[in-house]
Every structure is written in C-alpha cells, then in structure tokens.
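Everything below concerns the one structure shown next.
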Amino acid sequence: MLVNNGKRQLSEELANNPNFGWKPGQSGNPAGRPPIRKTIDGWIRAIAGRIVPDTDQSYAEVAAMAVWTGAMNGDHKMAKLAFDRIEPAVTVVADITDRLSRDEQLEQIAVNTRSTLDRWACALPGS
C-alpha cells in the first residue's frame, strides 16, 4: 500500500520508518563530489618533475624559464605570473601618522619595487 507523505508516495513500511530519508539540513552526499583537481594537480606535478628528453632540465624548469623569458620580453601576463609566484601580493598600508605626500608615497613604493627586482635579478641563472 502506498502512503503520501506530503512530498511523494512511499510504501507504508518506508513512510513509518524514522530512519528513512534525510533529516532536515542533512546532505544526501556528505563527502560531496570527488574533486578532480587533486588528480590533475598530481599529474601536473608528476610531469613537472620529469626530465625533458635530450636535455638536463625538468619540465618545471623549462616552464619557469618560458614564463621568465616572456616577462623579460614585455609580456605583462607572464610578468604578473612571475611576480605572483615569487613574491606575495603587495599590500600598501598607509600610516596616517607619517603624513607622507603622494609623491613621497610613490617614491617609497618605487624604492621597494626596485629592491624586489634587484633580488630577482640576482636569482637569475648566470647572474
């Protein structure tokens, strides 16, 4: 015999079973969809560690040099990628007690940027 529980018709045995179905707020899939990203990340890491045939460099080294070469040749996207990987995002905190003029603030940012670029230049192969 079927019973209507307000949402759907169930057998009388299921309709009277307190353990049937999910309770309010309970997920039907608590583990969620399995993330495929972990698998792809694992594959990329595995490939990145391999040596490129006929060279002594890994795929990761070749990719890093491609990014760096693009950045040095004026490719803004490659420069952003290089900057984001080497240094965390720069946050400028204004200290109102300093009361620096706008020009002084810009000069301070330029000095900090120059020192960062100098550190990177020292890290280049052949430097």
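Throughout, read-outs are computed from the coordinates displayed, never taken from laboratory work. Bear in mind the structure is a predicted one, so any value in this text is a computation, not a measurement. When we count neighbours, we look across all protein chains shown, and the Cβ atoms used for this are built from the backbone with ideal geometry, even at glycine.
Taking other C-beta atoms within 10 Å as the exposure proxy, 103, 41, 54 rank 54, 103, 41 from fewest upward. Residue order for 72, 78, fewest other beta carbons within 10 angstrom first, comes to 72, 78.
For the pair residue 113 and residue 43 in one chain, pulling the backbone fully straight at 0.36 nm per residue adds 21.7 nm over the alpha carbon distance.
Quick one: if the Förster radius is 25 Å, what FRET efficiency do residue 101 and residue 76 give, using the C-beta to C-beta distance and rounding to 0.05?
On the way: r = 29 Å, r/R0 = 1.16.
For R0 = 25 Å, the calculated efficiency reads 0.30.
Here 33, 85 are placed in order of increasing Cβ neighbour count within 10 Å, fewest first, which gives 33, 85.
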